[in-house]
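The values are calculated or read from the model by the stated rules, or taken from the named source; none is laboratory data. Note that the structure is predicted; figures quoted are calculated from it, not measured. FYI the Cβ positions are ideal-geometry reconstructions off the backbone, even for glycines, and counts take in every protein chain you see. Protein only, heavy atoms only, side chains kept; ligands, DNA and RNA dropped before computing areas. Shrake-Rupley method; radii C 1.70, N 1.55, O 1.52, S 1.80 Å.
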Amino acid sequence: MNALILQSDFGYADGAVSAMYGVAVGVCDRLRIYDLTHDIPPYDIWEASNRLIQTLMYWPAGSVFVSVVDPGVGSTRRSIAVRTAGGQVVITPDNGTLTHVMQHTGLQEARVIDETVNRLPNSGESYTFHGRDIYAYTGARLASGLIAFEEIGPKIDPASLVTLPVVAPSLEGRSVRGTIDVLDVRFGSLWTNIPRELFLKLGVGHGGRVTVSITHYDRVIYKSVMLYARSFADANVGEPLLYANSLDCMAVAINQGSFAKAYSVGTGISWQIQLSAEG
């Protein structure tokens, strides 16, 4: 019996999430079901991809993730299941949701879900709620051991999966460049795709100063010098700071404030950040 972890953009205003739970419990009432989040912004596949990579690696092999951010529901897009290099399984539409998992952890195997057998009974005429009828149902059957991964459907080349455009971080002289991939939503910090190890090649230690420049479609949104801190305790309340986040990538924050709200910063490859060593 493996854990079943659910992610979606459904929110809690109606019964969509509860319906997914009901289907899963109907498959096996001993299942352990958990929520990753159901607060993904509507249709935001980029956010879904980032939230998966933020969480997935901390769950044991065999854990089954169901991620449903599916603006193409009912279209010709594929329903897929993958086994990651760490042994976790993700069930999701083939729409780019696996972009960051493929980039950071890699995949062992991918399969197309055979919806003729992996579908909630008597739901064949429903085309708008695959999260309930296909993904939660298949995920529950897999997590409970009623089916094996090989029974999900035919094997496909992982290289055939849809991916979103990404921009790799880079070192350019005394600067590193990257993108703002996701927000620490509750606190308004900016999480970049710049690994701490790459940043450290600038020779800046804790307590040093770094010029931080943020652009959106080449328009400068923010540029200032700030502290590279070990933790928020190193900065004064209201002071901006650069730090290494829980994914060991560089992040920007305001101590006890929201950097994202203060400067109206968003996420994605159009939001670029440059960190430059002083001197």
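Tabulated data for the structure shown
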read-out: Loop-resident sites, the stretch 62-133, for chymotrypsin sites (Phe, Trp or Tyr not before Pro), counting at most 12 other Cβ within 10 Å (DSSP); value: TYR127
read-out: Scaled radius of gyration (Cα, divided by 2.2 N^0.38 Å) that the stretch 148-279 gives; value: 1.21
read-out: Potential extension, ARG174-THR37 segment - 0.36 nm per residue separation minus Cα distance; value: 45.5 nm
read-out: Candidates per trypsin sites (Lys or Arg not before Pro) in the stretch 144-247, loop by DSSP, up to 11 other Cβ within 10 Å; value: ARG186
read-out: Pairwise label distance in nanometres, HIS104 with LYS261, each label 7 Å out on the Cα-Cβ vector; value: 2.6
read-out: All-pairs alpha carbon distance profile, the stretch 92-163, 10 Å steps from 0, percent; value: 19, 47, 31, 3
read-out: Convex hull volume of the stretch 30-184 per residue (C-alpha atoms, cubic angstrom); value: 127
read-out: Around ALA24: net Lys/Arg minus Asp/Glu count, Cβ-Cβ under 13 Å; value: +1
read-out: Cα-only radius of gyration and Dmax that characterise the chain, units Å; value: 20.6, 68
read-out: Convex hull volume per residue for the stretch 1-81, taking Cα atoms only, in Å³; value: 106
read-out: Amide H contacts under 5 Å for THR179, placed H, 5+ residues apart; value: ASN193, ILE194, ILE273
read-out: Under-5 Å amide H pairs with HIS38, H placed in peptide plane, nonlocal only; value: SER8
read-out: Residue-normalised accessible area of the chain, given per residue in Å² at a 1.4 Å probe; value: 45
